[in-house]
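Participant: Take a look at this one; I'll ask things after.
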Amino acid sequence: MFSLAGKDGAMARVYPDWDELACLPTPINVGERQVLDCLATLDDEWIIYVQPRLGLDQPDFIAAHPAFGICAVEVKDWAIGAYRQDDEGRIEMRRQGGWVRTDEAPRYQAHRYRSAIHERLTALTDEAPTFTQVRGVIVMPRCTTWQAKAAITKSAMHDSERWIDVYGYDDLQHDPTLVLTGLRQPVARQVSAE
């Protein structure tokens, strides 16, 4: 387990162990490392899973808190101006002075992770969080939140994609709890004592 000291000395628990992160099948990139460093500053009630397997899916991170729920984090380490959305909402990448369509669908990816987490927990326990207590977010560490939202704002989205928030490094660094919960001052959900 690896943690960085957070506010008041609190630390998030990070899995796998720090020394094992270098052995991941897909090494974490610079942007993912920046995101992990920010998430690790959360208090010790947060658990951060790095590249966990969800069936065939593998989100960059899953953050879990007993009172604030669960959040799948999809990191897009895209340079400003290197990617854009076309009029149909498809992601294009700048290549050799032009734009080429990609298979990237970050909002859909984050939604798929969110759904997979909820389905798996619902299958395991009757005390699984509700679907609204499981979030999916996109973090673009090379952008401000304003730039990140502008980069992947679709005029037409599936309803499921509307629930996927997009953040940049400014909000992540300033308030990682906001990124994971969607709230500036989150209130713990009520957990039944039964």
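The values are calculated or read from the model by the stated rules, or taken from the named source; none is laboratory data. All values derive from a computational prediction rather than experimental measurement. Backbone-built Cβ (ideal geometry, glycine too); neighbour counts: all protein chains shown. Surface accessibility is based on the protein's heavy atoms, side chains included, excluding ligands, DNA and RNA. Shrake-Rupley method; radii C 1.70, N 1.55, O 1.52, S 1.80 Å.
Participant: Can you show me the helix-derived [θ] at 222 nm for the chain, built from DSSP H runs with n ≥ 4 at -39,500 (n - 2.57) apiece and divided by the number of residues, rounded to the nearest 500.
Facilitator: -7500 deg cm²/dmol
Participant: Right, another one. Using the alpha-carbon atoms, what tilt in degrees (0 to 90, nearest 10) does helix 106-124 show relative to the longest principal axis of the chain?
Facilitator: Taking Cα atoms only, the helix is inclined about 30 degrees.
Participant: I'd like to check one number: the per residue accessible area of the stretch 59-118, probe 1.4 Å, reported in Å² as a whole number. Walk me through the intermediate numbers first.
Facilitator: Numbers: 2750 Å² over 60 residues.
Heavy-atom accessible area per residue stands at 46 Å².
Participant: Cα centroid distance between the stretch 114-132 and the stretch 38-108, in Å?
Facilitator: The stretch 114-132 and the stretch 38-108 have Cα centres spaced 20 Å from each other.
Participant: On a 0 to 90 degree scale, rounded to 10, what angle separates helix 30-39 from the longest Cα axis of the chain?
Facilitator: 30
Participant: Place a +1 charge on the Cβ of each Lys and Arg in the chain and a -1 charge on the Cβ of each Asp and Glu, then give the dipole magnitude about the Cα centre in debye, rounded to the nearest 20. Can you show the working numbers first?
Facilitator: Values: 21 positive and 29 negative charges, 129 e Å.
The dipole magnitude comes to about 620 debye.
Participant: Among 72-85, 13-26, how do they line up by average Cβ neighbours within 10 Å per residue, starting with the highest? Could you put the intermediate results ahead of the total?
Facilitator: Details: 72-85: 18.7, 13-26: 12.6.
By packing density, highest mean first, the sequence is 72-85, 13-26.
Participant: Next question, about the same structure. Which residues does a label at Thr132 reach in the stretch 38-65, if reach means a backbone N under 11 Å from a point 7 Å past the Cα toward the Cβ?
Facilitator: none
Participant: Would you mind counting up the charge near Arg33? Only other residues with Cβ under 12 Å from its Cβ, with Lys and Arg at +1 and Asp and Glu at -1. Mind dumping the intermediate values first?
Facilitator: Values: positive: none; negative: Glu32, Asp37, Asp60, Asp77.
Net charge in that neighbourhood comes out at -4.
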